[in-house]
There are 4 protein chains.
Amino acid sequence: MPAAAWHVSQWFNAASLPEPPSLENLRGRVILLHSFQMLCPGCGSHGIPQAEKVHRRLGSDDFAVIGLHTVFEHHDAMRPVSLEAFLYEYKVTHPVGVDVAVPGSPIPATMQAYGMRGNPTSILIDRAGYIRAHRMGAMDDLELGFMIGLLLSE
Amino acid sequence: MPAAAWHVSQWFNAASLPEPPSLENLRGRVILLHSFQMLCPGCGSHGIPQAEKVHRRLGSDDFAVIGLHTVFEHHDAMRPVSLEAFLYEYKVTHPVGVDVAVPGSPIPATMQAYGMRGNPTSILIDRAGYIRAHRMGAMDDLELGFMIGLLLSE
Amino acid sequence: MPAAAWHVSQWFNAASLPEPPSLENLRGRVILLHSFQMLCPGCGSHGIPQAEKVHRRLGSDDFAVIGLHTVFEHHDAMRPVSLEAFLYEYKVTHPVGVDVAVPGSPIPATMQAYGMRGNPTSILIDRAGYIRAHRMGAMDDLELGFMIGLLLSE
Amino acid sequence: MPAAAWHVSQWFNAASLPEPPSLENLRGRVILLHSFQMLCPGCGSHGIPQAEKVHRRLGSDDFAVIGLHTVFEHHDAMRPVSLEAFLYEYKVTHPVGVDVAVPGSPIPATMQAYGMRGNPTSILIDRAGYIRAHRMGAMDDLELGFMIGLLLSE
């Protein structure tokens, strides 16, 4: 299944990039799209540190880690001003986009487009832009590394 | 050293108490005063789960755990509306007070009064209202349990 | 219930003591009696490191940690020559006794006398020689520290 | 560098195989060769559980995990009778060979042939029988999974 476009209102950690991350300008790379909410305990203790570790160890011209802040509850508690401090304190250096709110729905646009059911969610997109894995909840490091290795060899 | 009074602008998890927690109405009990910021990684992964565990396992008519949200940086990111969602998501059930801001200073009032230098900080107060331990950073469960056991026997 | 006498065929880490540990010569101290088998995974990952941590942090003229190697299966695999290397590699410094074999039974003598049903088992003995806690399996550091603190104050 | 032949005096967990594991009869598969000593704490807490997890999750007709018991100290403490109980208690199900002793040296034969300097050591061998990675100490799950994924795609 081709990955849907990302709808992002604001990027963090992307100022040094020539343009904001998108499926189009990352085409040809394998992508780990990591969706989270800053006040989700499983994201803070596992998902976000894992995504950042993957970025620091495996990030390259061939592979990108992209975070997506998909707030679907407690919206007033997780505004961009809070997310910015969170990313600073948790030492997150990979690009993180804020998923665009949808009027009349608690679920933001990209979260809807991918059919995500909660956080954290890890999605692997291959060099051709197709979704090859979609997992909600904690993903084991061994399995995640293995799948990235397989996709990078294609 | 006698423990200083707490300056709190708002309490969470205290609605069922006859009155807001204070040194006066807790006199006679041993108290663990746990100071934190919601976006401090060491608080989220260690300090807050430890304080909540102590509350659930050892809380009694003889012993109380009191949380204190001492925001000294990123003030706009950690307003009470964000703290409320944080406490809900992290399943914190012990009383938590918001330390009162001091005009012209980033350091709130109770944090100043106790001379705390960062977060998390664990302070043990004995039945007579005296400070018996004051530790910044992660405190080992074994040592914390031991000190509570000793103080409760006095 | 008064603690039963220990039946030990050989001591490790006891050469510097004036005499081998016994309930009689430790009378007046609180004792943590920690029973284990060297090839039990829960002992290697939790029970033994915990007993050694308790010894290093809380051991004193008032409090002693005593290990007991209670082999009830795979007897040929856990002879004293193997235990000695195990204690060296796992950096165990508290005294450890080898529970005496009972002819015709796989269960050694002290294990029988205390009615232990498996490993690890943690037993707390008060200053007067009475058993005050008897737990099989992992014991939480917080709870263990708390109980030691209470018993030491008696 | 081509992987050296394995010198094994005894295999465990290999009874169901048509013949004892060797580089020759595994040619065409990627191999994780995991060297350990049963009384090495880092092996018990990390290396052996990791090797077994890799075996259970990724083991296939294309990929094999082979354990090697390379005893270079405390030889009397880690005889095959003790290793057998250890493998049973730690629920190790992948094949484990006992590295052959070399008269006059504490270092067994395969450990010498591979130039291993300690335990645990993880060695990745590609489909053609060449060593592609050789690491002493704890190896991160993410990195290990990634390297296996890359090698399997060749």
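Nothing in this text is a laboratory measurement; each read-out follows from the coordinates by a stated rule. Model, not experiment: these values are computed from the prediction. Quick reminder, even Gly has a Cβ in these numbers, built from the backbone with ideal geometry, and neighbours come from all protein chains shown.
Key figures for this structure:
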item: So D:GLY47, is it within 16 Å of D:ASN119 (Cα to Cα), away from every other protein chain (no Cβ under 11 Å) and assigned to a helix (DSSP H, G or I); result: yes
item: Complete set of residues in the stretch C:50-63 that are of a type outside the set (Lys, Arg), in a helix (DSSP H, G or I) and under 14 Å from C:ASN13 (Cβ atoms); result: C:ALA51, C:GLU52, C:HIS55
item: Any chance D:GLU143 is more than 14 Å from chain A (Cβ to nearest Cβ) and either within 24 Å of A:GLN50 (Cα to Cα) or surrounded by fewer than 22 Cβ atoms within 10 Å (Cβ to Cβ) (or both); result: no
item: Failed item in (1) more than 27 Å from B:PRO49 (Cβ to Cβ); (2) touching a Leu at 6+ places or on another chain (Cβ under 9 Å), with A:PRO21 passing the rest; result: (2)
item: Residue in the stretch A:25-35 that is surrounded by fewer than 22 Cβ atoms within 10 Å (Cβ to Cβ), more than 14 Å from chain B (Cβ to nearest Cβ) and touching a strand residue (DSSP E or B) at 6+ places or on another chain (Cβ under 8 Å) present; result: yes
item: Residue match in the stretch D:88-108 (condition: touching a Cys at 6+ places or on another chain (Cβ under 8 Å) and under 24 Å from C:MET78 (Cβ atoms)); result: yes
item: Members of the stretch B:5-44 found to be out of contact with any helix residue (DSSP H, G or I) (no Cβ under 6 Å at 6 or more places or on another chain), polar (S, T, N, Q) and part of a strand (DSSP E or B), listed by number; result: B:SER9, B:SER35
item: A:THR70, sole failed condition from (1) within 14 Å of chain B (Cβ to nearest Cβ); (2) under 21 Å from B:TYR88 (Cβ atoms); result: (1)
item: Enumeration of residues in the stretch B:95-140 that are among the acidic types (Asp, Glu), within 14 Å of another protein chain (Cβ to nearest Cβ) and crowded, with 16+ Cβ neighbours inside 10 Å; result: B:ASP126
